[in-house]
1. For segment 187-384, what's the radius of gyration and Dmax over Cα atoms, in angstrom?
2. Using only the Cα atoms of segment 74-123, build the gyration tensor, take square roots of its eigenvalues as a ≥ b ≥ c, and label the shape rounded, prolate or oblate: rounded if a/c is under 1.5, else prolate if a/b is larger than b/c, else oblate.
3. Determine the shape class of segment 1-96: with a ≥ b ≥ c the square roots of the Cα gyration tensor eigenvalues, call it rounded for a/c under 1.5, and otherwise prolate if a/b is greater than b/c, oblate otherwise.
4. Modelled label-to-label distance, Glu326 and Lys55, 7 Å Cα→beta-carbon offset: nm?
5. Calculate the FRET efficiency for Tyr132 and Lys79 from the Cβ-Cβ distance with a Förster distance of 35 Å, rounded to the nearest 0.05.
6. Using only alpha-carbon positions, what ratio does the radius of gyration of segment 131-224 give when scaled by 2.2 N^0.38 Å?
7. Could you pull out every residue, at least 5 positions away or on a different chain, whose amide H is within less than 5 Å of the one on Leu137? Hs are placed 1.01 Å off N in the peptide plane, and Pro or chain starts have none.
8. Over all directions, the average projected area of the alpha-carbon convex hull for segment 118-169 comes to how many nm²?
Amino acid sequence: MQFSVYNPVELIFGNGSLSKLKDVVRRFGDKAIIIIGKESAKKYGYLENVERLLKEGGVKEIKIFSGVMPNPEDWLVNKISDEVVREKADFIVGLGGGSVLDTAKAVSIVSANEGSAWDYVNYPEGPKALPYWNRPLICIPTTSGTGSEVNRYAVISNPKRKEKLVISHSLIYPRVSVVDPLLTLSMPPRLTALTAMDAFFHALESFTNKVYHPVGDMYAMKTISIIKEYLPKVYEDTSYKEGREKLSLASTLGGYAIDFKRVGLIHGIEHPLSAHYPSVSHPEGLCALSLYVTKFNLKGNREKYERVSEILGYGVKAEGVLKAIENMLDAFDLPKTLSELGVKKEDVYRIAEDTYYLSRRLFPINPVEPSFDDIVDICERAFEGRL
């Protein structure tokens, strides 16, 4: 029995925990840049509250960078990094969903080192450059699904190359993450379901892959059980505060699970998918691929899938996971095929090619190591809805 645990993020969790931000920031300096998305942080008053708390904590100068898009792109990371350097910011605050947090994490690396964002992404042969330092980062999620607030990953896209890859390094961890589930109350039902399914697939893939890590497995199982119990309740009543807290916990635990154990082929195909179709959100892509990849994977780790099926209430049978996923996608009106997402048939083969060449580092830990023909078959089935 051998495994290791390393996670240096200071996590402050719970309803109302945002108020503790003013005590946290005192150690990081006088100048901050806050990175946000397009609308919600301003619309719901989150940005105003964060600015006030930073000032109460002694921060003298605050700059705002807004407009982070879903599937954030490398040029944007470079642009924000240049501004961080120009403004001589002492630290960064990422306030938003997974795209904002990933952008802020990437900026914390690029703004403290030489080169551009794409130099640090993890191609199968390794990144072009390694960071030597980072700029202090505080993450404040406003959704419950990504888990980015506690893991070592930041996913960015390169629109010119039509590639989506991960920056993965121990220096990319946030120094502090404040997870206040009250900030997720503004999410509508569909976004609530999508983000929760993101956390669910983090847990499913980390739990069933070949990496041995009992702590990661515990986090993954707990994530699955929380989502099973609380997602339907919050979907019906988005103001349910206890449920919001539980889904935020599931998101964070799922983030720990993939930090310790990584993911699998669902994510491996989704990244090329949304690289070619940036209007497709990450959880939408995961949902559309999930049934077909999971069916392919069942034979590789039936015991683990049987445990997931049991947790979800479908008996001790691996195939129960497929029925559970299908029922969840139906219940929350989420996509089950690539064609529903607007993917064109002529692009399916290219997505499979990019998966094979760009996601191959995941293949050895996937429950079943896929061949190129396997990936093509999975993508074609996902397009056609042929389980």
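Throughout, read-outs are computed from the coordinates displayed, never taken from laboratory work. Given the structure is predicted, the values throughout are model-derived calculations rather than measurements. Note that we place each Cβ from the backbone using ideal geometry, even for glycine, and neighbour counts take in every protein chain shown.
1. Rg and Dmax of segment 187-384, Cα atoms, are 15.7, 46 Å.
2. Note, shape of segment 74-123 comes out oblate.
3. Rounded shape, in that the Cα axes give a/c under 1.5.
4. Placing both labels 7 Å beyond Cα along the Cβ direction yields 5.6 nm.
5. 0.95
6. Normalised Rg, Cα atoms only: 1.22.
7. Under 5 Å from the amide H of Leu137 lie the amide H atoms of Ile92, Arg175, Val176, each far enough along the sequence or on another chain.
8. 4.7
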